[in-house]
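So the structure is just underneath, and the comments pick up after that.
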Amino acid sequence: MIEANLRRRHLNNFQLVELAVPLLEIEKALAKKRQSIAGKKRANLQLGLASEDAEPEFKGKATEVVAKKAGVSTRTFERGKKILEKASEDDKQKLREGKASITRVYSENCIKRK
């Protein structure tokens, strides 16, 4: 259902990130499962129990996979996620309405200043 909503064309980047964040936990669980399977395949290959062409499946980091599904860059996804954690509700609403940019809100709220 989330992925179907991500395909809606009238959403801005922040709205896409908001919709995609719940997918991150799902993708992290899938990545952990893939790592376990890949480790077993490698062990079998070393023991001679698997064929040479038994390559482990690699899909990338969970954030990269979710960002791609959302149709945004990994950097935009990571910044949007950080904004959801740290920014004010007013700033988030401006982003939803397209009245602010992820880059500006991120730099104002999430970058540590000296």
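What follows draws every value from the coordinates through simple rules; no lab data is involved. Please read all numbers here as calculations on a predicted model, not as lab measurements. Ideal geometry is used to build each Cβ from the backbone, glycine not excepted, and the neighbour counts take in all protein chains shown.
How large, in Å, is region 67-114 by the Kirkwood hydrodynamic radius built from its alpha-carbon pairs? Don't jump to the answer; show the numbers that get you there.
On the way: mean 1/r = 0.0911 Å⁻¹.
After inverting the mean inverse Cα-Cα distance, the result is 11.0 Å.
Too long at a 26 Å Cα-Cα cut-off: which of LYS69/LYS99; LYS33/LYS68; LYS32/LYS94; LYS68/LYS99?
Check vs 26 Å cut-off fails for LYS32/LYS94.
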Nitroxide proxy distance, nm - points 7 Å out along Cα→Cβ at ARG34 and ARG96: 3.2 nm
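If you stretched the chain out fully between SER88 and HIS10, how much longer would it get, using 0.36 nm times the residue separation minus the C-alpha to C-alpha distance?
25.7 nm
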